Amino acid sequence: MFLPRTGIIGRMENFTAEILYKRLAAWFHEKQRTLPWRSKRTPYRVWISEIMLQQTQVATVIPYFEHWMTLWPTLKDLAEAEEDTVLKAWEGLGYYSRARNILRTAKQLRAEGKDELPCSYAELLKLPGIGPYTAGAVASLACGLPEAAVDGNVLRVISRLLARPWQAGRAKDQKACREYLMSLMREAGISEDFSPAVFNEALIELGALLCRAKTADCPHCPLRTFCAAHLEGEVFSYPLAAEKTKKSSEEYTVLILHDEDGNIAVRKRPPEGLLAGLWEVILADGRRSPAEIEILLDDAGLALRSLEELASKKHVFSHLIWEMRVYEAEVQRKGAFNSDEEIFWRSPDEVLSLPFSSALSDYRDLCCRS
Ligand code: ADE
């Protein structure tokens, strides 16, 4: 028995959970995309795909997910992997702490003798890098449990459905959205046909295909007759735009150094902080003139033989911009490289096998691919 519901702000909604679910599920069964993580649902596969899909487009994720599953088809396989190999498989996806947390979680679970992630929302939330969205996605999509999964797509769909001025990325609005979805699931869950997996993934798919941030295909939306924002003619007023944070800027001089034997100088970034554990060519703070570069190299025990400015490059992170001036140099090693951090001289092929940040990987490709 489904009763009309009173919304959080007192409006009587013109739908029941059951009818909403029926419309969503019928649309999803007909229109959903065939995506590699939608076959063979296991907590492990859902977890990897959902972490990859954070801040990353579906089309970008597909080849990464497929490659990952050939390398490590199960949690057990992954737990044996080296961090460099995992970072290499993540190279180009960005937000590398996601990959390091995945590996930490796999090793931790294996150390506890487990060969799969737990299904419980509360247990999932305790694992490194798993927040409410991922916990809800694994619990519902892989295990069929009635847990909400609120990502940017879902928050947008629900904020329009209810005409609530929520803001993507604001924790209290994500919580309100989650509570609303949990109440809908409790209500719809009475029905035998109700699938939390279909419910959640249909909302994600609706946000990705029809109810998009800048374009909305309302005439084809299965929820159009219920959607308060659509009925008010105010679809693009919801959700509220996220506040823009001002990005700070840092300048670097990038040095691609070749020694007499054709090796290239690389180093590994520290285990904490931005791009932790990734490899890079030599990065000096600030903008250095050719004369300053020569002195810097000389101090490090390297004689400059030739220097060419390749390009200026900007790399935009979520909170920071790197302004880089890139040089390629031939040097002669006079002795041990005197540097605070350990420098490794590697052949072009070896450099290509190391995980690099995409901030620098195009120059790495330029100098190392024959
Ligand atoms: N974005 C986040 N999760 C997704 C999923 N399961 N399918 C498609 N796009 C998504």
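Where a number appears in this text, it was derived from the coordinates with a stated rule and is not lab data. Remember, predicted model here, so these are calculated numbers, not experimental data. Glycine also receives a Cβ, built like all others from the backbone with ideal geometry; neighbour counts cover every protein chain displayed.
Here the stretch 223-321 has an Rg and Dmax of 23.4, 73 Å, counting Cα atoms alone. Which value in Å does the Kirkwood hydrodynamic radius of the stretch 1-152 take, with 1/r averaged over all unlike C-alpha pairs and then inverted? Across the stretch 1-152, the inverse of the average 1/r is 17.0 Å. Derived scalar couplings between HN and Hα for the stretch 342-354 equal 6, 10, 10, 9, 10, 5, x, 5, 5, 4, 5, 7, 8 Hz in order, rounded to whole Hz, by the Karplus curve 6.51 cos²θ - 1.76 cosθ + 1.60 (θ = phi - 60°), x for Gly and Pro. With a Förster radius of 45 Å applied to the beta-carbon distance between ASP193 and GLU250, the computed FRET efficiency rounds to 0.25. In the elastic network of the chain, a GNM with C-alpha springs shorter than 10 Å, the most mobile of SER289, SER49, SER358 is SER289.
Taking every alpha-carbon pair within the stretch 241-299, the share separated by more than 16 Å comes to 61 percent. Here the stretch 177-224 was treated as a single set of alpha-carbon atoms; its pair distances binned every 5 Å from 0 give 5, 18, 23, 23, 18, 10, 2, 0 percent.
Length gained on full extension, SER318 to ASP285: 9.9 nm, using 0.36 nm per residue less the C-alpha separation. Summing charges over all other residues whose Cβ lies under 14 Å from the Cβ of HIS220, with Lys and Arg as +1 and Asp and Glu as -1, gives +1.
With angles folded into 0 to 90 degrees, how steeply does helix 152-162 sit against the dominant principal axis of the chain? Use alpha carbons for both and round to 10. Helix 152-162 sits roughly 30 degrees off the main axis of the chain. For the chain, the antiparallel share of DSSP beta bridges with both residues in that region comes to about 65%. Looking at the square roots a ≥ b ≥ c of the eigenvalues of the Cα gyration tensor of the stretch 115-195, which shape do they give, rounded for a/c under 1.5, prolate if a/b is larger than b/c, or oblate? Here the stretch 115-195 falls in the oblate category. Coordinate range of the alpha-carbon atoms in the stretch 146-275 per principal axis, descending: 72, 35, 29 Å. Applying the Karplus relation 6.51 cos²θ - 1.76 cosθ + 1.60 with θ = phi - 60° to the stretch 66-72 yields 3J(HN,Hα) values of 5, 5, 4, 6, 6, 6, 9 Hz, where x marks Gly and Pro.
Helix 358-368 axis versus longest C-alpha principal axis of the chain: approximately 40°, rounded to the nearest ten. Using the rule -39500 (n - 2.57) for each DSSP H run of four or more residues, divided by the residues of the chain, the 222 nm mean residue ellipticity is -12000 deg cm²/dmol. Counted residue by residue at 0.36 nm each, then reduced by the alpha carbon distance between them, the extension gain from GLN55 to GLN167 reaches 38.7 nm. Taking every alpha-carbon pair within the chain, the share separated by more than 26 Å comes to 59 percent. You can think of it this way: the chain between GLU260 and ASP84 has 60.6 nm of extra reach, that is 0.36 nm per residue less the Cα-Cα gap.
Cβ-to-Cβ counts within 10 Å put LEU255, LEU145, LEU366 in ascending order as LEU366, LEU145, LEU255, the fewest first.
Here the spin labels are modelled as points 7 Å beyond Cα on the Cα-Cβ line, and at PHE236 and SER183 they lie 3.1 nm apart. Seen against the Cα atoms of the chain and their longest principal axis, helix 43-53 is set at about 70 degrees. For ILE256, the residues whose amide H sits under 5 Å from its own are TYR327, GLU328, ALA329, ignoring neighbours fewer than 5 places away on the same chain, with H placed 1.01 Å from N.
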